[in-house]
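Colleague: Structure below; questions to follow.
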Amino acid sequence: MPGFSAAEGTIYQYSIIDSLLAGNYNGELTIGNLKKYGNTGLGTFNRLDGEMVFIDGEVYKINSKGKAVKIEDTERTPFATAAFFKTDKIIKVDSAKSLAELNNKISSAIGSENIFYVIRIDGKFSQMRTRSIPAQTKPYVPLVKAVKKQSIFRFKDIEGSLVGIKTPSYFKGVGVPGFHWHFITKDRTAGGHVLDCVFTDMAAKVGSYNDFFLQLPETKNFLETEFKQDKQNELKAVEKDSKKK
């Protein structure tokens with residue numbers, strides 16, 4: 001990308017969350033190009049085909065059956081966020097009985113809510129609940145409708161890694177305000193978008209990021225979409241576990 005050099009303290013993002021919410025599921029960015037801007041991140045794939053876990057320089061797809069598959073550099077994404085992971089702070093988490101509790105404990109320890117953070121937690125989780133959405137076919141429906149077909153996966157006493165990005169609240173419409181987590185097992189065979197988790201005695205490695213670089217798509221659908229409507233309620237519905245029991 002002309003004029004952009006991926007720096008240690010920069011968050012790179014392709015497209016905006018409101019575009020994904022609108023049903024723009026095809027992008028031009030290849031996974032090979034995404035890797036130029038980081039070694040850690042989150043996203044999805046064209047046709048909304050699975051959840052992306054970008055970890056240790058490799059990109060994995062968690063498909064609608066919950067299985068993780070390493071992705072070739074030629075595949076493309078309609079929405080992704082990446083950074084070169086760094087550890088500026090280690091936060092000890094004695095226990096987390098829910099994802100909400102984990103978020104609260106990290107928020108209370110990081111300091112400012114007005115910059116970006118990339119977080120990684122490795123270890124054994126007593127419970128983990130994730131989801132993935134099946135690939136869509138045209139005509140694409142908005143994400144709030146597509147997520148109703150999500151598959152839910154439950155794990156117990158599973159070793160793996162949480163990869164999270166915390167985005168400032170003022171980034172509504174561009175990113176996912178607050179925490180956004182994906183999970184992948186230690187053996188890189190399963191995972192998904194995190195809906196809930198339970199664990200004890202873990203350490204969260206946290207990197208702080210003050211710079212943000214946004215690359216906008218040049219697809220016809222993106223250029224013709226109107227982004228006048230506030231989609232925060234749709235985003236909250238998408239992030240919620242609609243099949244929680």
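The values are calculated or read from the model by the stated rules, or taken from the named source; none is laboratory data. Just so we're clear, the structure is a prediction, and the values are computed from it rather than from any experiment. No Cβ is skipped: glycine too gets one built from the backbone with ideal geometry, and neighbour counts run over all protein chains shown. The accessibility values were calculated without ligands, DNA or RNA, using every heavy atom of the protein model including side chains. Shrake-Rupley method; radii C 1.70, N 1.55, O 1.52, S 1.80 Å.
Colleague: Is it true that some residue in the stretch 63-70 is part of a strand (DSSP E or B), of a type in the set (Gly, Ala, Ser) and in contact with a Leu (Cβ under 7 Å, 6 or more places away or on another chain)?
Modeller: No - not one qualifying residue is present in the stretch 63-70.
Colleague: Assuming residue 63 fulfils every condition listed in (1) within 25 Å of residue 158 (Cα to Cα); (2) open to solvent by less than 30 Å² (accessible area, probe 1.4 Å); (3) under 15 Å from the mean Cα position of the chain (by Cα); (4) not β-branched (Val, Ile, Thr) apart from one, which condition is it?
Modeller: All conditions pass for residue 63, except number (2).
Colleague: Further question on the same structure: Collect the residues in the stretch 96-123 that are of a type in the set (Gly, Ala, Ser) and assigned to a loop (DSSP other than H, G, I, E, B), keeping them in residue-number order. Let's see the steps before the verdict.
Modeller: We begin by selecting, within the stretch 96-123, every residue of a type in the set (Gly, Ala, Ser); these are 96, 98, 100, 107-109, 111-112, 123.
Those that are of a type in the set (Gly, Ala, Ser) and assigned to a loop (DSSP other than H, G, I, E, B): 98, 111, 112.
Colleague: Restricting the stretch 129-160 to residues that are more than 18 Å from the chain's Cα centre (by Cα) and among the aliphatic types (A, V, I, L, M), which is most open to solvent (accessible area, probe 1.4 Å)?
Modeller: Step by step, filter the stretch 129-160, then rank; the result is 141.
Colleague: Kindly indicate whether any position in the stretch 22-38 is open to solvent by 20 Å² or more (accessible area, probe 1.4 Å), of a type in the set (A, V, I, L, M, F, W, C) and within 24 Å of residue 63 (Cα to Cα).
Modeller: So far as the stretch 22-38 goes, yes, one or more of its residues are open to solvent by 20 Å² or more (accessible area, probe 1.4 Å), of a type in the set (A, V, I, L, M, F, W, C) and within 24 Å of residue 63 (Cα to Cα).
Colleague: Checking the condition at pLDDT below 95 and farther than 17 Å from residue 193 by Cα, which residue from 19, 5, 15 passes?
Modeller: On the way: 19 fails: at pLDDT below 95; 15 fails: at pLDDT below 95.
Result: 5 is the single residue among 19, 5, 15 that is at pLDDT below 95 and farther than 17 Å from residue 193 by Cα.
Colleague: Still on this model: Name the single residue, out of those in the stretch 75-95 being of a type in the set (Lys, Arg) and assigned to a strand (DSSP E or B), that is surrounded by the most Cβ atoms within 10 Å (Cβ to Cβ). Give the derivation first.
Modeller: Our first condition is that a residue be of a type in the set (Lys, Arg); within the stretch 75-95, this holds for 76, 86, 89, 92.
Checking which are assigned to a strand (DSSP E or B) leaves us with 76, 89, 92.
Working: 76: 18, 89: 15, 92: 10.
Among those that are of a type in the set (Lys, Arg) and assigned to a strand (DSSP E or B), it is 76.
Colleague: Counting residues that are within 16 Å of residue 17 (Cα to Cα), which strands (runs of 3 or more DSSP E) fully inside the stretch 150-245 reach at least 3? Walk me through it before giving the result.
Modeller: On the way: elements: 151-167, 178-185, 191-209, 211-215.
Hits in the stretch 150-245: 151-167, 178-185, 211-215.
Colleague: Give the number of residues within the stretch 21-62 that are in a loop (DSSP other than H, G, I, E, B) and more than 24 Å from residue 231 (Cα to Cα). I'd like the intermediate steps shown before the answer.
Modeller: Initial filter on the stretch 21-62 (in a loop (DSSP other than H, G, I, E, B)): 22-28, 38-39, 45, 49-50, 56-57.
Narrowing further to those that are more than 24 Å from residue 231 (Cα to Cα): 38-39, 56-57.
Number of matching residues: 4.
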